[in-house]
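The values are calculated or read from the model by the stated rules, or taken from the named source; none is laboratory data. If you're wondering where the values come from, they're calculated on a predicted model, not measured in any experiment. In this analysis, Cβ positions are derived from the backbone assuming ideal geometry, glycine residues included, and neighbour counts consider all displayed protein chains. Just so you know, the surface numbers come from the protein's heavy atoms only, side chains and all, with ligands and any DNA or RNA stripped out. Shrake-Rupley method; radii C 1.70, N 1.55, O 1.52, S 1.80 Å.
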Amino acid sequence: MTDRRRINGPSGGTLAPVYSKYITKDASTQIQRPVRSRAPNVLRKMFLKTGVTPSASGSAYLELEASKSTNTNTPGLASLSTSGLKLTCTVHGPRPLPKSAPFSPHIILSTHVKYAPFATRKRRGYLRDSSERDLGVHLETALRGVIIGDRWPKSGVEVIITILEGEEDQWWGDDRGRGHVTAGEWGMMSVLSGCITVASAAIADAGIDCVDVVSGGVAAVVKGQGKNASVLVLDPVPSEHEEILAAAIVAYLPGRDEITDLWVKGDIGNKELRSSSYEELADNAVQAALGSHRVLVAALKETADMKLGRS
């Protein structure tokens, strides 16, 4: 039955038009595609803080540095800049399951990943779509091998992640038909990597026993400057590359040297990728996860010092 008292918005995603004087100017004044200024093996700067939500059992906030356009003389609008990554995570539990629930000898883990409506240039809906459900499944797989679930029989824990600002799948200029449009949702790879790291920090902040702290890392094979050249980079930003050929994301436990989740996307059998392989791509993703792990350990140590009253 239709609600006639309310004006409902469009059912699908919307994209607000951009009115900027820099779009109609000549090429010298237009905002150019951001170019990766970091070395292929260098990660973006990461900010991680725990205890941001007092009402939750554990919480954490993660933010990655955003890319900047090479043309600094034309500032443009804020919406034209390349977005970074901002995630917030809350953990509720462990708490007893309802009496009607069947007995479980281990803890029941549930994950929920949701984009905020304003997280990307294309406005998200209020209900979870297939990509958000996929992120939740991968996150649950990554965390299930970390938590020691036998210590909480007939209990449940909820991990809720809200993506305040997500990675774009391509540069905003490609939406207007200028440049090469990449196929595939490459931004999800970096988002999942950040979700794993921030969820691990929130679980540790909640005091849930784990075998180790898990961190996420992503690596990709991008098209180089040459005709058939390909470059393997860590922590890729889709808007900085004209074409991404393949990418891999891992959830890695450094203390046990184990991988709890692996997701590879792209074509490795291409002639352009003869110098790369699945093993090399996964190994570089592990190196990216080690870099995130160092930031994670430092953030947890800082939180522990504050709780113990150390200076």
| query | Can you tell me which residues in segment 192-211 are under 16 Å from A298 (Cβ atoms) and of a type in the set (D, E, K, R)? | reply | D205
| note | Quick count over segment 122-136, residues being among the hydrophobic types (A, V, I, L, M, F, W, C) and either closer than 15 Å to L192 by Cβ or in a strand (DSSP E or B) (or both), is 1
| note | Of the residues in segment 117-138 that are under 26 Å from I203 (Cβ atoms) and in contact with an Asp or Glu (Cβ under 8 Å, 6 or more places away or on another chain), the one that is modelled with the highest pLDDT is H138
| field | Unmet criterion (only one of (1) outside any loop (DSSP other than H, G, I, E, B); (2) touching a strand residue (DSSP E or B) at 6+ places or on another chain (Cβ under 8 Å)) for A119 | value | (1)
| Within segment 81-116, tally of residues that are part of a strand (DSSP E or B), of a type in the set (V, I, T) and open to solvent by less than 50 Å² (accessible area, probe 1.4 Å) | 5
| Check on L139, part of a helix (DSSP H, G or I), at negative phi and either exposed (fewer than 15 other Cβ atoms within 10 Å of the Cβ) or in contact (Cβ under 8 Å) with a residue 24 or more places away in the chain (or both) | yes
| query | Do you know which residues across segment 182-199 are open to solvent by less than 10 Å² (accessible area, probe 1.4 Å) and of a type in the set (S, T, Y)? | reply | S190, T197
